[in-house]
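> Take a look at this one; I'll ask things after.
The values are calculated or read from the model by the stated rules, or taken from the named source; none is laboratory data. Fair warning: this is a prediction, and the values are worked out from it, not measured in the lab. Here the Cβ is made from the backbone with ideal geometry for all residues, glycine too, and neighbour counts use every protein chain on show. We work out accessible area using only protein heavy atoms, side chains counted, and drop any ligands, DNA or RNA first. Shrake-Rupley method; radii C 1.70, N 1.55, O 1.52, S 1.80 Å.
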Amino acid sequence: MSVRARLRATVPAPLPLPQAGPPEITGPPGRRLLVQRSDDEIVAQPLDDAFAAGAGASVRFPAPWPRRRGTWEVAPDATLAVFAGVHAVRAVDPSGATRWEVRHGCWSGRCEEIHESYESYADRRDHRYPESGSVGFSADGRLVWAHVRGPLPEGELSPGTADEWLVIDAEDGRVLARADAEAAAAGSAHLPHPADPAQMGLSIGEGQDGAPLRWGRWDGKELTVDCLEGDLCLLSLSPSGDRLMTVSHDQDSLAVRDSRGAVVEALDWDADAAIPRHPEAPADIDEDELPVCWDWAGGFLDETTLIASTTESDEDCGQYRHWLIDTTAPAHGFVPVDYPSPVSCEPSALDGGFWSTLSLSRGVVHVWSSDGPEG
């Protein structure tokens, strides 16, 4: 049995490729944005409930440095963009004016300088391929959480601190709280609690060394950080924020967890046991020669339904596969998605029962929903 995917919308990229990165849809229902980044700017286009670009005029944020030099995030109301760069976190309004900036240690290799500006290292060969942190807006847009390389100009938290996790006032850039992230990152991503602006997830990648997962709570005075056990990539939060979807660092386990990191009973799927043999795999190849793994992609479509994928391990056999998982029936609710034409990438969960994929050219976003089982 499979689940039919119904195409709900096609959303073209506002910027031409390859001058820009691929477009993505961000935000919950009612506040969705189509966001795309080039070296020069970010374009954010409000979308209506049908994912049409007619809910408001596009907003453009001039970029302070090229896109390969960091990450970025647009506020839920599209009034501010925050760029997490090599040497600073900078908030920019649509005019290009800097609203605020928080400088920090350098993300490039062993550099120990506190740079004054991007221009001071822009042409340095040893700064061409920096590591990076990330930023995330709270659900209400009032806070910016920032994962940065320490120290701040004000000094280190302790001599052993490499990475810091900051809570920043989105309006004026005041650093409200600092904590040791207890990591040495190559990259990271923030996932905000959808209902509680005081909570945030931080998924950290340390390359081959591991994938620490942090959960932060800000009570207005103190930042408390939980270090969740294991090397886990945080992919998604349920609409209530009560559950997390994770894939292990070695990609062999997909699980649903509570906010403390504990696996919810029976909601843990081992790749070797759960993923069936690819139907296009050559018959003369044994199972042990066909390794399978979960992608670091997917998420909650609603409170009880997940979408996941196995494109990395499917690549050598043929068509990429996506899977819908009903967490109310974990032993039987694991079914492949049947698309009207082959897909070329992993899925992105959009909440509200929707998910998206990119076209083969990566210049168009396709929005899907489930159209019921078949076969």
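> Which order do F61, F334 take by accessible area at a 1.4 Å probe, largest first? Could the numbers behind the result be given before it?
Numbers: F61 0, F334 40 Å².
Order by accessible area, largest first: F334, F61.
> Got a number for the accessible area of H190? Probe 1.4 Å, square angstrom, nearest 10.
30
> Once the other residues with Cβ under 14 Å from the Cβ of A57 are scored (Lys, Arg +1; Asp, Glu -1), what is the net sum?
Values: positive: R60; negative: D48, D77.
Counting the neighbours of A57, the net charge comes to -1.
> May I pose another question? Restricting to DSSP H runs of at least four residues, report the calculated mean residue ellipticity at 222 nm for the chain, -39500 (n - 2.57) per run over all residues, nearest 500 deg cm²/dmol.
That comes out to -500 deg cm²/dmol.
> What whole number of Å gives the distance from the Cα centroid of the range 327-374 to the Cα centroid of the range 89-131?
One Cα centre to the other: 37 Å.
> Run a plain Debye calculation on the range 290-346 (Cα atoms as equal point scatterers, no solvent) and give log10 I(q)/I(0) at q = 0.19, 0.22, 0.26 Å⁻¹, rounded to two decimals, same order as the q list.
-0.69, -0.88, -1.10
> Separate question: Please report the net charge: other residues with Cβ closer than 13 Å to the Cβ of V148, K and R +1, D and E -1.
That sum, taken over residues with Cβ under 13 Å, equals -3.
> Would you list M1, M245 from the most to the least accessible area, probe 1.4 Å?
The most accessible residue leads, giving M1, M245.
> Please work out the FRET efficiency for the pair A50 and E182, using the Cβ-Cβ distance as r and a Förster radius of 45 Å; give the result to the nearest 0.05.
Here the calculated transfer efficiency is 0.55.
> Please check: in the Gaussian network model of the chain (C-alpha springs, under 10 Å), which one of E280, E303, E131 has the largest mean-square fluctuation.
E280
> Same structure, new question: Quick check: residue separation of Y129 and L157 times 0.36 nm, minus the Cα distance between them. What number comes out in nm?
Extra length from Y129 to L157 when fully extended: 7.4 nm.
> Quick check: residue separation of S95 and R6 times 0.36 nm, minus the Cα distance between them. What number comes out in nm?
Details: separation 89, 0.36 × 89 = 32.04 nm, distance 3.94 nm.
Once the chain is fully extended between S95 and R6, it gains 28.1 nm.
> Only Cα pairs under 8 Å and at least 6 apart count here; give the relative contact order of the chain as a rounded whole percent.
On the way: 960 pairs, mean separation 53.1, N = 375.
14 percent.
> Quick check: with the 1.4 Å probe, what order do R260, R125 take by accessible area, largest first? If you can, show how the numbers build up before the last one.
Working: R260 150, R125 175 Å².
The residues order as R125, R260, largest area first.
> Please compute the length gained on full extension between D172 and D258, using 0.36 nm multiplied by the number of residues separating them and subtracting their Cα-Cα distance.
27.6 nm
> Right, another one. How far is the Cα center of the range 194-242 from the Cα center of the range 248-285, in Å?
Centre-to-centre (Cα) distance: 21 Å.
> Tally Lys and Arg at +1 and Asp and Glu at -1 over the other residues with C-beta under 15 Å from the C-beta of W107: what net charge comes out?
Result for the neighbourhood of W107: +2.
> Name the shape class, rounded, prolate or oblate, that the alpha-carbon gyration tensor gives for the range 115-253, where a ≥ b ≥ c are the square roots of its eigenvalues, rounded holds for a/c under 1.5, and otherwise prolate holds if a/b is larger than b/c and oblate otherwise.
oblate
> Evaluate the charge dipole of the chain about its Cα centre and quote only its size in Debye, nearest 20, assuming +1 on the Cβ of each Lys and Arg and -1 on the Cβ of each Asp and Glu.
In total the dipole reaches around 1520 debye.
> Give the residues of the range 318-353 whose amide nitrogen is closer than 20 Å to a point set 7 Å from the Cα of L17 in the direction of its Cβ.
319-322, 339-350
> Hey, any idea what % of the chain's accessible area is carbon plus sulfur with a 1.4 Å probe?
Roughly 48 percent of what the probe reaches on the chain is carbon or sulfur.
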